[in-house]
Amino acid sequence: MTRDKSVTLGLLIVAFLILALLPQFTSGYLVTLLIDILKFAVLTVAWVVFSGPTGYMSLATAAFYGLGFYIAAVFSGTVPFPLLIMLAGASAFVVALGVGALTLRLRGVYFAIFTFALVLLVQNVVLEVERVVTQTRGRFVETVSTEGVYYAILIVFFLTILAAMLIRRSRYGLALQSIGEYEEAAAHSGINVVWTKVLTFATSAVFMGMAGAIIATRRTYIDPYIAFNLNTSFLPVLMAMFGGMGNLVGPVLGAALFTYIGEILLTRFPDLYMLIFGVVLIVSILFMPNGVLGLAQGVWRKMRGGGHAPS
Amino acid sequence: MIAFRDIFITGLLLGGIFALVSVGLTLQYGVARVLNVAHGEFIMVGAFMTFWLLGSANLNPLLSVAITGPVAFIMGFILHKTLFRRLMDTSPSLDIFEGKSLLASFGLLYVVQNLARIIWGSDVEGYNFLNSTVTAAQIPLNRLVALAFVVVLGGAFYFFLARTRLGKAIRASAQSPTTAELMGVDIRNVLAICFGLGLGLAAIAGSLLSTLFAIQTSIGLGYTVIAMVVVVMGGLGSITGAMIGGIILGLVSSTVTFFHPSLTMIAYYVIFIVLLLARPKGIMGK
Amino acid sequence: MHLLEGEGVSRNFGGLVAVAGVDFYVDQGEILGLIGPNGAGKTTLFNLISAALPPSAGTISYEGSPITGLPPYKICRLGIARTFQTVKIFAHLPTVRNVMVGSLFGTGSRSSATEALRIADEELEFVELSSLRDVPAGDLTLASQKRLEVARALATQPKLLLLDEIMAGLTRNEVEEAMDLIARIRARGITVVMIEHVMHAIMGICDRIIVLDFGVKIAEGTPAEVAADKKVIEVYLGEEI
């Protein structure tokens, strides 16, 4: 193990311990806020795992997250909480494998539009199925204690970070980067492009599904509009761009800041919340320090490129 | 037979409106390269402006398009000159610009929708306009008038693109921005004009829709999706494709709605996704 | 047995016939030149061999077994590597990482990252780019980028290397260096098929040449035979061969 690696790992363990002990010392509000931040951090980091290096802008996050909601709603009460989370992750993985195999040959904005429509399709199908089968719109979910939710999302957060680090440092990291740079050349250099993309897409979906199942238990009632909300797809992209995707700290920082700002807006100006949020969003895209390192290109170059400034 | 006739007329009318909306979106994406998720919000704005003009100034809804269209055009022109222009100048590649402008337009969606909600509230609104039916045929008069209006408007717009100097510049830019620039087209202005025209068409479509259906400040996104479906059907950037695709989707919509109204949205998405997978370049695509 | 053999290989684009029923073979250890005017179907033939495109008709076999229908990455792992007419490098990755992609994924056997890095450095040394190993590939000159593509292809440890116009756009000096590079590649026992427009280079270096015109093979033979061929002279009318 190199020095660099052990420092990172050490920092991670310290961060984990601090966050794990936090509920023993602080008020309920901070824990609630942290749950929200960790949720978005999971979604953002998971999104960056796939879309960062490959440049495929996925807007399907809400589909996998919402799937987690429904897994939680359907199985809540019958299955223990940890199993429920794993079940959600596994389902998201399987669904994402299928979606990825179908769609990852679409390039550029077509892929973005497709994933965007996917969320709305699933939302409408679930709505219709519920109307016909259960003759209701929503479902009830058995709640879990705030502390239970906090620890669950904390563990999933660290799993996500760990997975993201492992993928980056493994051969898959280089494969994903070269796919983002020049897909055709990657294929002719021996990379199984389709499999690499689909597998990574599905892996990132696991964490989105798990986050969904956990957060669903924060609500007593869910319906397709709550579960498959387009905001859930767009926010992680913004948070990643806001924080920068050069390393994994960026997305986490972006998620934390964005969530916190949103929280303040919501409590101070509940009526203007969405309006101000839209303005903040536009302004941050316009003036984001790191935004140029955006979507279409593989962005790990800063970290991987040994300090060479990108042209 | 009567059912069939009604489905057909409604389908044609919806199709005409969808075509307006979609040509608007295709001008924004095909030429200005902005995949404007907020497109439908300007339909809503057009609808509410018409509603408001009727209530406050008793202005005929059909005449109000002379105000809603230009107002939306100016908004679009300014938006492009400020927001999207800047994004364009700071993006190192087209892919990055497309990604960023998509996100920026998502922010725009929030802003426009919530401003509208603050101004007009979130209730369902509506008014009666030419609600009598043409006696012999039992067709609502407002639908026939709106249909005639759409046909005239579509024809006029087509003429504009085909015959006028600016129209030709727009079509040239849609095919190849660089070549158009070489041919002496002031590309910066054309892009802003296209974005403005797109929003103008959306607002006009919204004004017409308000004569037919109840309106609400949340209706925008649904129409954005419709426009995206049509634009993908027709091929991103193809104006003819958007017109044909709009009419086809209108017919599909009225048919599905007649038999099973709750499946209409699902039908849109299914068509959309199947099309995207089968013919990513659209029905008019190469 | 030929190393690579194609029978009736064809490819249409809509109504356009790019490659029409071409029979060809490549033998172990030779340098085969592929020439012809622009649009003759040379690059399309490379794309068919490397599976960038599926053929409309015909079969291609490698070491005696058919390879048509395999995906590009499998073709590469079997030992057929290629470069591109317009360079396709990983512009934001350091030069050495570009090559490492080849040695990590393209060899057909699973190698460790350390091993892959060692091979990548060797190949960079071979194409004389070691001094630029940490520079982003996008910052290299065109001639160096072409060499980088060769290194990336060589890192996959191919038996057959397809070189698509690696001399186009190079200065006279750089062409000489490229010729020397190809000679050294052959000396390693790697079979080479090259598309080239630089006639003195191809005539001087190839063992055998195939001439394509409008997708059809119009001549085949040693450089001397091809240069004397009537049909070839017609196609290249006025050009000095």
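Here is how the numbers come out for the structure above:
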{"read-out": "Separation of the C:GLU176 and C:GLU234 label points, Cα + 7 Å toward Cβ, nm", "value": "3.9"}
{"read-out": "At least 18 Å along the helix axis (C-alpha) and Kyte average at least -1.0, DSSP helices within chain C", "value": "C:113-126, C:142-155, C:172-187"}
{"read-out": "Pairwise Cα inverse-distance average, inverted: Kirkwood Rh of the stretch B:142-266 (Å)", "value": "16.3"}
{"read-out": "Phi-based couplings in Hz for the stretch B:10-27 (Karplus 6.51, -1.76, 1.60; Gly and Pro marked x)", "value": "4, x, 5, 5, 4, x, x, 5, 4, 4, 4, 4, 6, 4, x, 5, 5, 5"}
{"read-out": "Debye log10 I(q)/I(0) at q = 0.14, 0.15, 0.16 Å⁻¹ for chain A, Cα point scatterers", "value": "-1.11, -1.28, -1.44"}
{"read-out": "Inter-chain shielding of A:108-117 (mean C-beta neighbours from other protein chains, 10 Å cut-off)", "value": "6"}
{"read-out": "Charge dipole (debye, nearest 20) of the protein assembly as shown; +1 at Cβ of Lys and Arg, -1 at Cβ of Asp and Glu", "value": "1520"}
{"read-out": "Two-site FRET efficiency, B:ALA278 against A:SER27, from Cβ-Cβ distance with R₀ of 56 Å, rounded to 0.05", "value": "0.50"}
{"read-out": "Amide H within-cut-off set for C:TYR25, under 5 Å, with H built and near neighbours excluded", "value": "C:GLY6"}
{"read-out": "Global form of the stretch C:76-127, assessed from the alpha-carbon gyration tensor, a/c cut-off 1.5", "value": "oblate"}
{"read-out": "Dipole axis of the stretch A:32-304 (+1 Lys, Arg; -1 Asp, Glu on Cβ), positive-most option in A:LEU265, A:PRO224, A:ALA117", "value": "A:ALA117"}
{"read-out": "Among beta bridges that DSSP assigns inside chain C, antiparallel share in %, nearest 5", "value": "55"}
{"read-out": "Kirkwood Rh, angstrom, the protein assembly as shown [1 / mean 1/r, Cα pairs]", "value": "29.6"}
{"read-out": "Computed lengthening from A:VAL194 to A:ARG169, 0.36 nm per intervening residue step minus Cα-Cα distance", "value": "7.0 nm"}
{"read-out": "Structure-based [θ]222 nm, the protein assembly as shown - -39500 (n - 2.57) summed over DSSP H runs of at least 4, per residue, nearest 500", "value": "-20500 deg cm²/dmol"}
{"read-out": "Shielding by other protein chains, A:171-178, mean Cβ within 10 Å", "value": "5"}
{"read-out": "Karplus (6.51, -1.76, 1.60) ³J(HN,Hα), θ = phi - 60°, over the stretch A:263-271, in Hz, Gly and Pro reported as x", "value": "4, 4, 4, 5, 7, 7, 10, x, 6"}
{"read-out": "Loop-located trypsin sites (Lys or Arg not before Pro) in the stretch C:185-214, at most 10 other Cβ atoms within 10 Å (DSSP)", "value": "C:ARG188"}
{"read-out": "Cα-based convex hull volume of chain B per residue, rounded to whole Å³", "value": "132"}
{"read-out": "Estimated D of the stretch B:30-173 in µm² per second, where Rh is the Kirkwood radius over Cα pairs and Stokes-Einstein applies at 20 °C, 1.002 mPa s", "value": "120"}
{"read-out": "Listed peptides A:69-79, C:111-121, B:199-209 by packing density, highest first (mean Cβ within 10 Å)", "value": "B:199-209, A:69-79, C:111-121"}
{"read-out": "Shielding score for B:91-98, defined as the mean number of other chain Cβ atoms within 10 Å", "value": "6"}
{"read-out": "Residues in the stretch C:15-33 that a label on C:SER56 would reach, taking backbone N under 13 Å of a point 7 Å out along Cα→Cβ", "value": "C:15-22"}
{"read-out": "Label-point gap, in nm, between B:TRP52 and B:THR240 - each point 7 angstrom along Cα→Cβ", "value": "4.0"}
{"read-out": "Amide N proximity, the stretch B:99-113 versus A:ASN231 label position 7 Å along Cα-to-Cβ, cut-off under 16 Å", "value": "B:106-113"}
{"read-out": "In the stretch C:136-241, the GluC sites (Glu not before Pro) that fall in loop regions by DSSP, at most 14 other Cβ within 10 Å", "value": "C:GLU239, C:GLU240"}
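FYI, it's all coordinate maths here, none of it is from the lab. Just so it is clear, the structure is predicted and the values come from calculations on it, not from any experiment. Here Cβ is always computed from backbone atoms with ideal geometry, including for glycine, and neighbour counts include all displayed protein chains.
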